[in-house]
Every structure is written in structure tokens, then in C-alpha cells.
1. Scan segment 258-279 for residues that are crowded, with 19+ Cβ neighbours inside 10 Å and not in a loop (DSSP other than H, G, I, E, B) and jot them down.
2. Are there any pairs, at least 6 apart or on different chains, whose C-beta atoms fall under 7 Å, with the first in segment 141-169 and farther than 18 Å from residue 255 by Cα and the second part of a helix (DSSP H, G or I) and open to solvent by 100 Å² or more (accessible area, probe 1.4 Å), and if so, which?
3. Among the candidates 64, 47, single out the residue that is modelled with pLDDT under 90, part of a loop (DSSP other than H, G, I, E, B), open to solvent by less than 40 Å² (accessible area, probe 1.4 Å) and not assigned by TED's automatic domain parsing to the domain that holds residue 265.
4. Can you tell which of 195, 248 is in contact (Cβ under 8 Å) with a residue 12 or more places away in the chain, crowded, with 17+ Cβ neighbours inside 10 Å and within 21 Å of residue 307 (Cα to Cα)?
5. With the requirement that a residue be farther than 17 Å from residue 97 by Cβ, open to solvent by 20 Å² or more (accessible area, probe 1.4 Å) and among the hydrophobic types (A, V, I, L, M, F, W, C), what does segment 210-236 give you?
6. Given the criteria open to solvent by 100 Å² or more (accessible area, probe 1.4 Å) and modelled with pLDDT of 90 or more, does residue 70 qualify?
7. Does residue 177 satisfy the condition of being buried (at least 18 other Cβ atoms within 10 Å of the Cβ), modelled with pLDDT of 90 or more and under 28 Å from residue 132 (Cβ atoms)?
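The values are calculated or read from the model by the stated rules, or taken from the named source; none is laboratory data. Only a predicted model underlies this, so the values are computations on that prediction, with no experimental measurement involved. Cβ coordinates were reconstructed from backbone atoms using ideal geometry, including for glycine residues, and neighbour counts include every protein chain displayed. Note: areas computed on protein heavy atoms with side chains; ligands, DNA, RNA excluded. Shrake-Rupley method; radii C 1.70, N 1.55, O 1.52, S 1.80 Å.
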Amino acid sequence: MATAPVIDTPPATVTTAPAGPARKGILSHWRLYAAISPFYLLFLAFGLIPVGFSLYLSFHRWDGLGSMEFAGLSQYRYLLSDSQFWGSIGNTVVIWALATFPMIFLAMVTAVLLNSAVRFKNVYRFAYFLPNVTSIVAVAIIFGSVFSTNFGLVNALLQAVGLDQVAWLNSPWGIKVAIATLMTWQWTGYNAIIFLAGLQTIPSELYEAARMDGAGPVQTFFRVTLPLMRPVLLFVLVISTVTGLQSFSEPQVLLQTTDNNSSFAGGPGHAGQTMVLYFFQQTFDNNDFGYGAAVAWGIFLVVVLFSIINWRLVQRRGEE
């Protein structure tokens, strides 16, 4: 039986859809970029450019009016041997330690009490947060009266219990204690609110399980609350380090009447002169803008170093 010959059929023609419109370019979204551009323009004008100019200025000598003179690394070499700058670092670290650790302890205790309170929670939160939004200048003036040698409230309390007066704003340690007390009072409520937000994220089932296992309040705090609060504690510690090492308004207003030479001197013997106060003294009292810029970058490195140390210490304890 004969078979019909096989006829090759031509391959089917593949038809492609017409190419769609070209991908929209960046310029087609110009309205969106224009909407967010004010932030970046302001950051460029008041943030990035001044920072870059300060770095450029730190390699020059300039009094703010005349021509700049290139100085190279000489100002940084002088900064490393500047005893007053190192003294301001020591003052800043001592004040930061005297203020930060009591403040974190008081803030944590306050947050725990606020978290367990049932009535008037919002009133307590407002009362504890109020010092942070109060004018620091007004608060510093009030604390200057509180720590006054002759008519201060603190010395009146010391005399009431039979102790001698203390020249708080005229002695090295008295100045540091007064500044640290002011900073503790100012920031305790703010950090308590942050701790309170962290406490409210801990599931109540964990506390119920701890109570069923026979854990008391102290054991529950150290075995349940504190480990889960470690990220919040790290945040508070880093923020407190950054703000504490850049303290300016507190010592400047509190001690401006105790030294007639400069409002940035930090009191008798520069006992309360922080790093930022020293920066202002060199820049605006001595009109040495180049060296002031070098001091500013030195402050930046110190703050970064302490922030890294605090972060590493808290992280290491968390790993243990």
C-alpha cells in the first residue's frame, strides 16, 4: 500500500508583541524628587557643607576676618599636647559618669514603677517628662541658686543635719557634682519614658511563667526584664554618651558668673570646662577658628570612641 509523501510544513511564524513604552526615566519622577528635595538641600547647606568646611578649616589658621594661612597638621599636633584640652576631656568624662549611671538607674526604677501603676499613668508620665522640655537656661539659673554657697537649698539642708557648708560652685568636685545633678534631673524622665516603652513590649506570659517557677520580683527583674531590655538599654546608654559628652548649656549657664575672664572658662580652675566649652573658648574668645575646628574634630573622635566602647561592653554582656 502506497504511502502519501510527507510534506514539510513551514515553521510557524513567531509574532512578537510590539515593544511597550520605554522605561520611565528619573526625570519622569521629578515631582516626587522635588517634594523631598527641601530636606536634602537644607542638609547640604546647613549640615554637609559646614562639616566639610570645618575639616578644611582645621588645616588652616584663621581669625575669622583675614586671609587663611595653611598650617597642615600643626594644629592637630598642638592639640595632642594641649593640657587644657586634655583637662576638658577629663572634666567631661567625670561629669558624664556622675550623671549617666545614676540617671540610668533612676530612669529604670521610674519606668518599672510607672509600668506597674494603675491610676494616673499619664499624669506621672507628663510630670517625669516635663524637665526635658523645660528651658535649660532657666533650669541652670535655678540650680545655681540651689547650689549657692551662702543661700543655697543644698547647704541649708546640710546645716540642718549638722554638716558644714560646701562651696559647690567654687570647688573642683563641687562644680562637677552640681553639673551632674542638673543633667541627671533633666534626662531621667526622658529615658524613663523610653524604658517604659521597652517594658510594655515584654509579653506578660513571661512574668507569669517566672512567678509559676517561684521567681521573686528581684529574680524576675534580673532574669526576665533586664535581658529583654538590653537593646533599649544600649540605645539609652549610647544616646546618653553622645549628649553627655557634648554638654555645653549646663556648665556654661551654671558657671558663667563664677569666672570674670570668660563665660566659657568653666568656673575656677577650669574645673567645669567641658570639651564643647573649650571649643567655644578657643573659637569665640580667642578668635582662633582654625584651632577651634581642630578641637571640634577631636571632640567628634572622643564621642565616637566612647560610644563604641559602651556598645561593645553592653554587647559582650549580652553574649555572656
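1. Of all residues in segment 258-279, those crowded, with 19+ Cβ neighbours inside 10 Å come to 264-267, 270-279.
Matches in segment 258-279: 270, 275, 276, 277, 278, 279.
2. Once the first residue is farther than 18 Å from residue 255 by Cα and sits in segment 141-169, its partners that are part of a helix (DSSP H, G or I) and open to solvent by 100 Å² or more (accessible area, probe 1.4 Å) give 165/159.
3. On the way: 47 fails: part of a loop (DSSP other than H, G, I, E, B).
Exactly one residue qualifies, and that residue is 64.
4. Details: 248 fails: crowded, with 17+ Cβ neighbours inside 10 Å.
Among 195, 248, only 195 is in contact (Cβ under 8 Å) with a residue 12 or more places away in the chain, crowded, with 17+ Cβ neighbours inside 10 Å and within 21 Å of residue 307 (Cα to Cα).
5. Taking segment 210-236 as the starting set, the residues that turn out to be farther than 17 Å from residue 97 by Cβ are 210-232, 234-235.
This time we only want the ones that are open to solvent by 20 Å² or more (accessible area, probe 1.4 Å), so: 211-219, 221-224, 226-228, 230-232, 234-235.
Within segment 210-236, 212, 215, 218, 221, 222, 224, 226, 228, 232, 234, 235 meet the criteria.
6. Values: open to solvent by 100 Å² or more (accessible area, probe 1.4 Å): yes; modelled with pLDDT of 90 or more: yes.
So residue 70 fits the description; yes.
7. The answer is yes for residue 177.
Here is a yes/no grid of residues against (1) among the hydrophobic types (A, V, I, L, M, F, W, C); (2) within 17 Å of the chain's Cα centre (by Cα):
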| position | (1), (2) |
| --- | --- |
| 174 | no, no |
| 179 | yes, yes |
| 190 | no, yes |
| 222 | yes, no |
| 248 | yes, yes |
